[in-house]
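Comments concern the structure below.
Computed from the coordinates by the stated procedures, all read-outs in this text should not be read as laboratory data. This is a predicted model, so every value here is computed, not measured. Note that each Cβ is placed from the backbone with ideal geometry, even for glycine, and that neighbours are counted across all protein chains shown.
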Amino acid sequence: MIDKTKKELEIRFPLLKLVREMHNYLHVEVEKASAMDAILMAKTSLGFKTLQLISSVDRMEENLFQMTWILENYNNETTLLISARYPRENCIVPSLSDIWPAASAFEREIFEMFGISFPGNPREGEDFLLEGWKDIPPMRRDFLTEEYSMKLYGERQPREHLDPRQYIGDMVGEWNTPMGQKRKEEK
């Protein structure tokens, strides 16, 4: 069934690039201008009725975001991934929330975490996970996690190292630890 899907997509989108193909799995990359058409074709003509996930990868060195939509066709147990690359600065990707209501939550999370805008998402801009977040989106690769943590929390006190085997042995009497031996003697 994946062969038929691949052939149909190649006919309609001649610039399509094959990323990976397996028995019931196909991952293709299309031009950003064709991404929504490819996704809609997959849903309406090819039977991929379920949107499993929308993901984003920050390809900072290329100044791009890679968006990937993961679609499922449960009738023939196949998975289709459609990827497209978008400019990183002021990134705008069309929303799929009118077609798949589940897309709204995925898009809101990506907006918060990467700063990618999805015009048409009815709840874009509302807090989703990061209530009141005002800094650079934290999943962007130019977000400096350690610097942010130091600014917010200050210097962290070093932790005491505990050997896991010793700790568990002391707590529950397992392994050949002095505490484990004492518990055996008590019984």
Item to check | Farthest positive-ward along the chain dipole, Cα basis, beta-carbon charges - from PRO94, LEU64, LEU16 | outcome: LEU16
Checklist entry - Can you give the helix-only mean residue ellipticity at 222 nm for the chain, where every DSSP H stretch with n ≥ 4 adds -39500 (n - 2.57) and the sum goes over all residues, rounded to the nearest 500 deg cm²/dmol? => result -9500 deg cm²/dmol
Checklist entry - Out of [x] -0.62, -1.06; [y] -0.57, -0.94; [z] -0.69, -0.96, which label holds the value of log10 I(q)/I(0) by the Debye sum over Cα atoms at q = 0.12, 0.16 Å⁻¹ that was computed here? => result [z]
Checklist outcome for this item: Magnitude of the Cβ-charge dipole (Lys and Arg +1, Asp and Glu -1) of the chain about the Cα centre, nearest 20 debye, reported as 460 debye
Item to check | Dipole of the chain, positive end: most advanced residue of TYR148, ASN121, SER45 [Cβ charges, Cα centre] | outcome: SER45
Checklist outcome for this item: Surrounding charge for LYS49, neighbours by C-beta under 10 angstrom, Lys/Arg +1, Asp/Glu -1, total 0
Checklist entry - Loop-only check: which GluC sites (Glu not before Pro) in segment 57-117 are DSSP coil with at most 14 other Cβ within 10 angstrom? => result GLU77, GLU89
Next on the checklist: Under 10 Å, Cα contacts only: if you run a Gaussian network model on the chain, which one of ALA103, ALA33, ALA42 comes out with the highest mean-square fluctuation?
Outcome noted: ALA33
Item to check | Within a Gaussian network of the chain (alpha carbon springs, distance under 10 Å), most fluctuating of MET171, MET60, MET113 | outcome: MET171
Checklist outcome for this item: Longest principal axis of the chain (C-alpha) makes with the long axis of helix 103-114 (C-alpha) an angle, in degrees to the nearest 10, of 60 degrees
